[in-house]
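Reviewing the structure listed below.
Rule-based calculations on the coordinates, nothing more; no lab input. Just so we're clear, the structure is a prediction, and the values are computed from it rather than from any experiment. Because the Cβ atoms are built from the backbone with ideal geometry, glycine has one as well, and the counts that use them run over all protein chains shown.
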Amino acid sequence: MTATTATRMPADWRDFFALTKPGVMRLVIFTGLCGLLAAPGHIHPVIGFTAILCIALGAGGSAVLNQWWESEIDAGMKRTANRPLPAGRMHLVDARDFGIALSVASVALMGVAVGWLAASILAAAIVYYAVIYTMWLKPRTPQNIVIGGGSGAFPPMIGWVAVTGDITAMPLLLFAIIFFWTPPHFWALALFVKSDYAKVGIPMMPVVAGERATRRQILAYSILLVPIAATPWLISGTGTLYGVTALALSLAFLALSLPVAFREAGEGDMMKPEKRLFAYSILYLFALFAALVVDALARQQGWFA
Amino acid sequence: MTPEEEAEYRRRQRARNLVLGGLLLFFVVLFYAITIVRMGD
């Protein structure tokens, strides 16, 4: 079977699904749901479900547009070469239309069913990821991970605003926590996974600025994360349960980033501290947002202040 | 197209139609539920 016959085939629906990056979507749904559950006030379960669905659809739509734009880059890297577009299992135009349809539908449904402020932030998140990050800044600056972290930071803010209908300090702080969490999380991974970003011309920090600079920046963000994660408690946006948990989790994060910051990896290094920091960073985010929700529910039930 | 290709073509088309039909049904139910909830506001 030649390549032309293969592309004339209608794409398998599983490839459309894979294009929405279901793995990333799990974290998006989790943090979005936590923002929704921790927000003060009441939302009808059907409307709450719709809000989370819209966040997931929007994340899926922008992931599709990201892969539509980057299909040539993806083709040049081992990790991504088998994605539906670079592998030739789907037409570029189909992916583009699918991505636009998902994005527009998610914003429209959010606006009609939940509210137009939440819908506007969702639209901003999609444009931020698909246009500002993917098309404009990712190929141009080694700070791309810092900027990309912004797109992952939107879901809890949207979930919160879906309930309250206004933007206060709390949803902005949830945004800030994920924003400052992303660089150390990703750079820890970048240190032990030698990717081929350099080959395709994406300026990733460890390649451009070197390992030493990357390690120092991991430490800088880990230090900033301590006060930022504690601020919701300090401004009385949450109770003590969240405050103590956030402090303990963030200090452990900082403690694990210290060995990463002050060492140099030699030949055949097992990269144990980096792997440990990366694994912990995932646990950190789940535990922090879970604590936020438990804290909010406990106060609503009047168990403690 | 060889018979094998044609069978594969039909299989994919059928699977896509089933998924699309399921999604449409899901959204019909969801929009109905949203309408009922929002009318009570």
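Worth pointing out:
- Rounded to whole Å, sorted largest first: equivalent-ellipsoid semi-axes of chain B, Cα gyration tensor: 39, 4, 4
- Within the listed set A:Arg263, A:Arg215, A:Arg89, the residue fluctuating most in the Gaussian network model of chain A (springs between alpha-carbon atoms under 10 angstrom) is A:Arg263.
- The HN-Hα couplings worked out from phi for the stretch A:71-82 by the Karplus form 6.51 cos²θ - 1.76 cosθ + 1.60 (θ = phi - 60°) are 4, 6, 5, 4, 5, x, 10, 4, 4, 10, 4, 9 Hz, whole numbers, x standing for Gly and Pro.
- Calculated from backbone phi, Karplus (6.51, -1.76, 1.60) coupling profile of the stretch A:132-138 in Hz, x at Gly/Pro: 5, 7, 4, 7, 9, 8, 4
- Choice from A:Met110, A:Met77, A:Met270 with maximal GNM fluctuation in chain A (Cα, 10 Å cutoff): A:Met270
- Where only DSSP H runs of four or more residues are counted, the protein assembly as shown gives -24500 deg cm²/dmol as its mean residue ellipticity at 222 nm, each run worth -39500 (n - 2.57).
- Residues whose amide H falls under 5 Å from that of A:Ala265, counting only those 5 or more places apart or on a different chain, are absent, with hydrogens built in the peptide plane.
- For the stretch A:270-276, 3J(HN,Hα) per residue [Karplus equation, 6.51 cos²θ - 1.76 cosθ + 1.60, θ = phi - 60°, Hz, x = Gly/Pro]: 7, 6, 4, x, 5, 5, 5
- Note on the protein assembly as shown: Rg/Rh from Cα positions, Kirkwood definition for Rh, rounded to two decimals, is 1.01.
- Considering only A:Ser257, A:Ser120, A:Ser151, the Gaussian network model of chain A with Cα springs below 10 Å gives its largest mean-square fluctuation to A:Ser120.
- Ranked by how many other beta carbons lie within 10 Å on average, peptides A:8-21, B:9-22 from highest: A:8-21, B:9-22
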